[in-house]
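Undergrad: This is the structure I have questions about; it appears just below.
The values are calculated or read from the model by the stated rules, or taken from the named source; none is laboratory data. Values in this document were obtained by computation on a predicted structure and should not be read as measured data. Here Cβ is always computed from backbone atoms with ideal geometry, including for glycine, and neighbour counts include all displayed protein chains.
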Amino acid sequence: MYSFGQELMASANGIELCYQEMGEPDGEPLLLVMGLATQMIAWHEGFCRLLAERGYRVIRFDNRDIGRSSKIDSAGVPSKLDLLIGRRATAPYLLRDMAKDSVGLLDFLEIDAVHAVGASMGGMIVQQMAIDHPERLRSMVSIMSTTGNRRSGQPSLKAFGVLLGNPPKTRDQVISRAVKTFKVIGSPEFEFEEDTVREMAALSYDRGHSAAGVTRQLHAIIASGDRTEKLHRVQVPTAVIHGTRDPLVKPSGGRATAKAIPGARLMMIDGMGHDLPRDLWPTFAEAIDTNAERADRAAQIAPAEAASPAPLHAPRQTGPATTAEPAQPA
């Protein structure tokens, strides 16, 4: 049975990133990029094991300003005004810098190109990788993410309130906030695993809690702006996965992402919110694998064929329906 090795540190883009690997060393490298305020451990070991069993060398890491990776504390904390309007001039870094972090990790590991999977902010980061560093991606999966266009994927008022609430300070407060948050943004038609949320929040606090770092990450998201026009030029085989009940990044964000990227395949999952429910792990693994296979075939198919993708089909399962649809032309 596969399991993660020890946590290691990598020098990347002028900072230190904490990472772990699972799977065969000669497997196809697959990079997992996590979202806002969330550490690499949110890529649950059981889910990663499904990917390793499919032959992937799975790599997960803490983004800057989270977990055991470098904190950019010298930059301070943005004002509420700068945060709300996304003032770029005062942002200590942008999503493009976080994309460079990912590329720096690949350089450290001596990996030329990877299959990249990003969740939420992580989806934005892998989109930015596809824009700025397309040669480093073999395929891309963007989960519960959006393009940065403010007309798409905006949170509900309740979810926005959770996002901008006063940050918790103590360990118990962090755990309580995590439970409250996922009761609001989680998947209403899948089991809520409160014990797992509590355990993950406690471990995250112990690994390295930084409320200021989370605020800087959020500033980077808002200040980075709209990627839509640049996504029109992306040629990386792409799958977009989004829940129909996501209140934090509404489903329009996933649809906008798939519409922006030529040939992208869109999978809308009924009852899924802004999390990665255990019951859907096999569905996610299958979608990632199916999309990766497109990269293996890409050099052998004609451009005209590549421009008209077949729908992405989820495996048969019980529970809420999963629908797949090709993106409409932008």
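Undergrad: Would you check which residues across segment 98-140 are free of Cβ contacts under 8 Å to residues at least 24 places away in the same chain and assigned to a helix (DSSP H, G or I) and list them?
TA: Within segment 98-140, just Glu135 meets the criteria.
Undergrad: Further question on the same structure: Taking strands (runs of 3 or more DSSP E) that do not extend beyond segment 1-86, which have at least 1 residues that are under 23 Å from Ser139 (Cα atoms) and of a type in the set (D, E, K, R)?
TA: 15-22, 28-33, 56-61
Undergrad: Before we move on, is Leu266 in a loop (DSSP other than H, G, I, E, B) and touching a helix residue (DSSP H, G or I) at 6+ places or on another chain (Cβ under 6 Å)?
TA: No; evaluated as a whole, the condition is false for this residue.
Undergrad: Ok, one more. Would you confirm whether any residue within segment 194-215 is polar (S, T, N, Q), over 17 Å from the mean Cα position of the chain (by Cα), assigned to a loop (DSSP other than H, G, I, E, B) and at pLDDT below 95?
TA: no
For (1) touching a Gly at 6+ places or on another chain (Cβ under 8 Å); (2) basic (Lys, Arg), each residue gets a yes or a no:
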{"position": "Leu137", "(1), (2)": "no, no"}
{"position": "Ala159", "(1), (2)": "no, no"}
{"position": "Val162", "(1), (2)": "no, no"}
{"position": "Arg171", "(1), (2)": "no, yes"}
{"position": "Val174", "(1), (2)": "no, no"}
{"position": "Ser204", "(1), (2)": "yes, no"}
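Undergrad: Okay, moving on. Among Ala52, Ala99, Ala37, which is on the phi > 0 side of the Ramachandran plot and hydrophobic (A, V, I, L, M, F, W, C)?
TA: Exactly one residue qualifies, and that residue is Ala37.
Undergrad: Could I ask something else about it? Which condition from (1) within 17 Å of the chain's Cα centre (by Cα); (2) surrounded by fewer than 24 Cβ atoms within 10 Å (Cβ to Cβ); (3) farther than 21 Å from Val249 by Cβ is the one that Leu94 breaks?
TA: The single condition Leu94 does not satisfy is (3).
Undergrad: Output the number of the condition that Ser70 fails; it satisfies all remaining conditions of (1) surrounded by fewer than 18 Cβ atoms within 10 Å (Cβ to Cβ); (2) at pLDDT 95 or above; (3) on the phi < 0 side of the Ramachandran plot.
TA: So Ser70 meets the others, but not (1).
Undergrad: Ok, one more. Residues that are of a type outside the set (S, T, N, Q), under 18 Å from Gly118 (Cα atoms) and either touching a Pro at 6+ places or on another chain (Cβ under 9 Å) or buried (at least 19 other Cβ atoms within 10 Å of the Cβ) (or both): does segment 195-206 have at least one?
TA: no
Undergrad: So for segment 133-147 (the condition being among the basic types (Lys, Arg) and closer than 26 Å to Ile41 by Cβ), does at least one residue qualify?
TA: Yes, some residue in segment 133-147 is among the basic types (Lys, Arg) and closer than 26 Å to Ile41 by Cβ.
Undergrad: Would you pick out the residues in segment 188-202 that are of a type outside the set (Val, Ile, Thr) and under 14 Å from Gln173 (Cα atoms)?
TA: Correct list: Arg198, Glu199, Met200, Ala201, Ala202.
Undergrad: Let me ask something else. Applying the selection to segment 150-182, what residues are part of a loop (DSSP other than H, G, I, E, B) and surrounded by fewer than 19 Cβ atoms within 10 Å (Cβ to Cβ)?
TA: Residues satisfying the conditions are Arg150, Arg151, Gln154, Ser156, Leu164, Gly165, Asn166, Pro167, Pro168, Lys169, Thr170.
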